[in-house]
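> Sending over a structure as structure tokens; questions will come in a sec.
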Amino acid sequence: MDNAALLRIAEAFERISPRPLPAPDFDAASAFIWHVAPDRLDPVPNVARVDLSLLVGINRARDILHENTRLFAQGLPANNALLWGARGMGKSSLVKAIHADVNLKHDLKLVELSREDLPTVASLLGHLRAAKDHRFILFCDDLSFSHDDTHYKSLKAVLDGGIEGRPENVIFYATSNRRHLMPRDMIENERSSAISPSEAVEEKVSLSDRFGLWLGFHPCSQDEYLAMIDGYCVAHGLTVDAGTLRAEAIEWQATRGSRSGRVAWQFFTDLAARHGVKLS
């Protein structure tokens with residue numbers, strides 16, 4: 001076989017399984033996204049986030065996670081954290097807001113990893129472990145596992161780290177609507193059909209036990225919902241008659257059938273547009 005043929009074969013293999021790209025300049029940004037094929041960390045110049053002061057009704061979770069993050073950024077021991085509970089109540093917003101706040105005083109990087117890319121986490125941890133001068137929050141949003149999902153095995157590399165241990169400069173934060181990262185009906189079904197019910201789902205359920213912090217997020221009250229909207233109005237300089245604002249906000253949430261931080265922001269977005277206020 002001539003050299004030209006060998007070169008074409010090598011190029012074909014390169015396209016099928018491209019080489020990982022080198023680690024980026026971590027001084028270039030405060031946040032990065034992990035992508036695969038090829039494995040790489042792309043900087044995020046502007047993170048989509050809200051100010052920490054605008055997150056209403058989650059004070060306990062805010063204070064606990066902020067303190068944990070601050071200690072970690074200072075090089076002190078800290079726990080991995082699972083933020084679980086009601087949708088739209090600011091779980092992912094809280095992680096990004098706390099990162100921004102702590103990063104004002106400490107060098108702290110935020111790295112987002114999608115659930116689908118968990119099998120490549122060993123490569124990612126290798127990049128982060130090598131960057132010893134920086135500390136990283138590894139963040140996975142909307143984490144959950146289905147019945148036949150094996151991605152949770154890769155997550156153990158982040159939480160336990162195998163024989164190497166989790167990199168000292170990496171902490172893992174995840175959000176989920178599920179406390180045990182898997183549907184309750186799936187837990188019950190496997191327990192009822194297993195020869196040893198107590199062991200049927202132990203491997204998956206115990207995964208959530210590896211998080212040192214469990215922070216629960218519950219549906220907000222009407223007062224909290226209205227306070228969120230008031231906060232957005234103040235932050236963006238929008239003045240609306242209090243009675244009108246309250247009536248429209250309550251009507252908006254009634255048509256959605258729920259109250260949450262997300263619904264409050266959606267109402268405010270509509271309100272700002274109607275009053276000609278740009279959101280930047």
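The values are calculated or read from the model by the stated rules, or taken from the named source; none is laboratory data. Only a predicted model underlies this, so the values are computations on that prediction, with no experimental measurement involved. FYI the Cβ positions are ideal-geometry reconstructions off the backbone, even for glycines, and counts take in every protein chain you see. Remember, those area values only see protein heavy atoms, side chains included, never the ligands or the DNA or RNA. Shrake-Rupley method; radii C 1.70, N 1.55, O 1.52, S 1.80 Å.
> For region 239-260, give me each residue that is part of a loop (DSSP other than H, G, I, E, B), open to solvent by less than 50 Å² (accessible area, probe 1.4 Å) and out of contact with any Pro (no Cβ under 8 Å at 6 or more places or on another chain).
Going residue by residue through region 239-260, those that are part of a loop (DSSP other than H, G, I, E, B) are 239-241, 257-260.
If we keep only those that are open to solvent by less than 50 Å² (accessible area, probe 1.4 Å) as well, we get 240, 258, 260.
Hit for region 239-260 is V240, nothing else.
> Is it the case that region 108-123 has a residue that's in a loop (DSSP other than H, G, I, E, B), at pLDDT 85 or above, at negative phi and surrounded by fewer than 18 Cβ atoms within 10 Å (Cβ to Cβ)?
Filtering region 108-123 down to residues in a loop (DSSP other than H, G, I, E, B) leaves 113-114.
Now narrow it down to the ones that are at pLDDT 85 or above: 113-114.
Then drop every residue that is not at negative phi, which leaves 113-114.
Next, only the ones that are surrounded by fewer than 18 Cβ atoms within 10 Å (Cβ to Cβ) stay: 114.
Scanning region 108-123, I find at least one residue that is in a loop (DSSP other than H, G, I, E, B), at pLDDT 85 or above, at negative phi and surrounded by fewer than 18 Cβ atoms within 10 Å (Cβ to Cβ), so the answer is yes.
> Related question: Just a yes or no: is a residue in region 204-227 modelled with pLDDT under 70 and of a type in the set (V, I, T)?
Residues of region 204-227 that are modelled with pLDDT under 70, as a first pass: 204-206.
Filter again for of a type in the set (V, I, T), leaving 205.
Yes, the conditions are met somewhere in region 204-227.
> Would you tally the residues in region 73-98 being surrounded by fewer than 23 Cβ atoms within 10 Å (Cβ to Cβ) and over 13 Å from D141 (Cα atoms)?
Final tally of qualifying residues: 10.
> Go through region 5-61 and report how many residues are open to solvent by 50 Å² or more (accessible area, probe 1.4 Å), at pLDDT below 65 and small (G, A, S).
Final tally of qualifying residues: 2.
> All but one of (1) in a loop (DSSP other than H, G, I, E, B); (2) over 27 Å from P219 (Cβ atoms) hold for R70; state the number of the condition that does not hold.
Exception for R70: condition (1).
> Please count how many residues of region 83-110 are under 17 Å from N68 (Cα atoms) and under 13 Å from the mean Cα position of the chain (by Cα).
Number of matching residues: 12.
> Taking region 154-174 as the search range and keeping residues that are modelled with pLDDT of 70 or more, over 23 Å from D107 (Cα atoms) and not in a loop (DSSP other than H, G, I, E, B), which one is least open to solvent (accessible area, probe 1.4 Å)?
Here the residue is L155.
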